[in-house]
1. Tally up the residues in the stretch 282-301 that are surrounded by fewer than 22 Cβ atoms within 10 Å (Cβ to Cβ) and either assigned to a loop (DSSP other than H, G, I, E, B) or under 12 Å from the mean Cα position of the chain (by Cα) (or both), please.
2. May I ask you to verify whether K153 is at pLDDT 95 or above, within 26 Å of D272 (Cβ to Cβ) and surrounded by 21 or more Cβ atoms within 10 Å (Cβ to Cβ)?
3. Could you tell me whether I504 is β-branched (V, I, T) and either in contact with a Gly (Cβ under 9 Å, 6 or more places away or on another chain) or farther than 27 Å from E343 by Cβ (or both)?
4. Any residue that is surrounded by fewer than 20 Cβ atoms within 10 Å (Cβ to Cβ) and either farther than 23 Å from S264 by Cβ or within 16 Å of the ligand (Cβ to nearest atom) (or both) - is there at least one of those in the stretch 106-113?
5. Looking at (1) polar (S, T, N, Q); (2) out of contact with any Gly (no Cβ under 8 Å at 6 or more places or on another chain); (3) more than 13 Å from the ligand (Cβ to nearest atom), which one does T120 not meet, given that it meets all the others?
6. May I ask you to say which residue of F499, F511 is modelled with pLDDT under 95, more than 17 Å from E374 (Cβ to Cβ) and within 27 Å of the chain's Cα centre (by Cα)?
7. Starting from the stretch 366-388, take each residue that is over 27 Å from N526 (Cβ atoms) and list its partners that are at pLDDT below 95 and among the basic types (K, R), counting only C-beta distances under 9 angstrom and pairs at least six apart or across chains.
8. Looking at V250, V324, V279, which is the one that is part of a loop (DSSP other than H, G, I, E, B) and either within 16 Å of the ligand (Cβ to nearest atom) or not polar (S, T, N, Q) (or both)?
Amino acid sequence: KTDLYAGRPVAHLTPPEGWMNDPNGLWYDEKEDLYHAYFQYNPNGTVWALPLYWGHSVSSDLTNWLYQGIAIAPERDDSGAYSGSAVVDYNNTSGFFNDSVDPRQRVVAMWTYNTPEKETQYVSYSVDGGNTFISYENNPVLDINSTQYRDPKVIWHEESNKWILTVAHSQKYEILIYSSPNLKDWKLESSFGDQGYLGYQYECPGLAKVPVVEGENGLTLSNLTSNNTSVNNYFNSSASSNGKVKEAWVLFISINPGAPQGGSATQYFIGDFNGTHFVPFTTQTRFIDMGKDYYALQCFFNSRNKNDVLSIAWASNWQYGSLVPTDGWRSSMSLVRNLTLKEWAPNPESVQLNLNSEPILNMKPSKAKNASTELTDVLLTTKDSISANFAPRMNTGVYDFEIVWSVNKNAFNNSRLNEWTLYIDSQDYYAEYLALGYDTTAGAFYIDRGNSYNDFVSLNPFFNNRESISLEPYSTSTNGTNTYKVYGVIDQNIVELYFNDGSIVSTNLFFFSDHNQIRGFETYTNVDGGFKFDSFKFHVLNF
Ligand code: FRU
């Protein structure tokens, strides 16, 4: 074999070397117009191990990331600077800053100091624009004598003029909510718990105020609100509006293990937050990403466009994160995603709010010959296929594709599996491919990693399942035709799938034996005339 290791993603944040897990301390520097991302980091090896640090990278376009060094280190080698968040203390409420630090760069981090004895919350501040941090002399600022107390996420709550903190009391299945005027003195206000999927523990909570986008599929909030009184009251009150846009609160809670697809995943609740209590509209939980590799989601403090709610998650899974075949470095983050709340109506009787994800990717289709395939109205048959091979020179390893497909239910013999498949083929190993497609029997999109890098897949039962993602049609027509849509991004060893404009997402790693080099793609169907690609686009991307 030429090389057993995967190529490094181009448009996703990766560590320069060593191990990375959760995103931490995400903030936007208004002075430099620069995004900062920190991450759980072991520079000394490619598996999770103590001492654990905060690594630091920056980006101006949220696609190209530049590593800056270690920002926070634990005090002891048997300990870790665990996950946490960062805020900009413009008004110097903490008193940490003097006038020499620009208000837009008064960054304060709050994080968990993990020792074998307990987990406590620390604050640190930076006077050099977020590169290094000074530990507050009276740390810890919170200590409840627990080994299961971590991942502080701080936001600024305009309405009550206070800092608000969510922190996980992990195996109690509780999210503790605190308030503070100065980031140092915290008052416990309430707790939210025993809701949604519990798994083995709650981790990495976060509250975010997310704009509501109306008018999707011809629906309006009035349809939505007629079904649910608590939602109705909320949207009729001034709490939901900042003068321009309607907003609602989202509470994120990651769980590990115990996710629906196995291992770790990020769930969320939609509701109201009044400065002390979070009250969900319903106790129903949802998963922001139905793939296997999307954990510990965190939102940025501020963004270039004020109404954007930007988020990043760790694109891996604790089930196998430390085993994936990469060399010298391990793990990547997801693409940055802008979050909105949209109306979503699987059936007209249950119109709901749903968190919608829009990827941010600053790359464009390559102009090279044969780098793009764009087709419309292709009726799929068992004899024809759409395919392309990419010449090595133009082949960056980054691709996007968009498929809008219609399903003519009358064409199917229900007794067997009817599907179309998009194969992403390995360059040198003809038996290796990633299979994606839609299967009418299950009414689901699927992703199958079972024929990727055999040495890895055969040792990892969690990696080789055909994963299904139930899909609602994007649109339906009176003649029984359902239409669906997927936008996909492939970057070396990660594929992100956005269905129906981001109402459902699935993020998954995959590995080939040859550095994750991709030869090209081909499509396949086992039924004549049942599927039509209304539109099919596949691009090699570059900068
Ligand atoms: C989640 C997590 C956090 C913790 C960090 C340690 O992936 O377990 O709860 O702070 O990782 O690296």
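The values are calculated or read from the model by the stated rules, or taken from the named source; none is laboratory data. No experiment lies behind these values; they were computed from the predicted model shown. Glycine also receives a Cβ, built like all others from the backbone with ideal geometry; neighbour counts cover every protein chain displayed.
1. Just the residues of the stretch 282-301 that are surrounded by fewer than 22 Cβ atoms within 10 Å (Cβ to Cβ), to begin with: 282-287, 301.
Still in the running and either assigned to a loop (DSSP other than H, G, I, E, B) or under 12 Å from the mean Cα position of the chain (by Cα) (or both): 282-285, 287.
Of the residues in the stretch 282-301, 5 are surrounded by fewer than 22 Cβ atoms within 10 Å (Cβ to Cβ) and either assigned to a loop (DSSP other than H, G, I, E, B) or under 12 Å from the mean Cα position of the chain (by Cα) (or both).
2. Working: at pLDDT 95 or above: yes; within 26 Å of D272 (Cβ to Cβ): yes; surrounded by 21 or more Cβ atoms within 10 Å (Cβ to Cβ): yes.
Taking the combined requirement at face value, the residue satisfies it.
3. Details: β-branched (V, I, T): yes; either in contact with a Gly (Cβ under 9 Å, 6 or more places away or on another chain) or farther than 27 Å from E343 by Cβ (or both): no.
It is false that I504 is β-branched (V, I, T) and either in contact with a Gly (Cβ under 9 Å, 6 or more places away or on another chain) or farther than 27 Å from E343 by Cβ (or both).
4. To start, the set of residues in the stretch 106-113 that are surrounded by fewer than 20 Cβ atoms within 10 Å (Cβ to Cβ) comprises none.
No, there is no match, as no residue in the stretch 106-113 is surrounded by fewer than 20 Cβ atoms within 10 Å (Cβ to Cβ) and either farther than 23 Å from S264 by Cβ or within 16 Å of the ligand (Cβ to nearest atom) (or both).
5. (3)
6. Details: F499 fails: modelled with pLDDT under 95.
Only one candidate passes the filter, namely F511.
7. A368/R393
8. The conditions single out V324.
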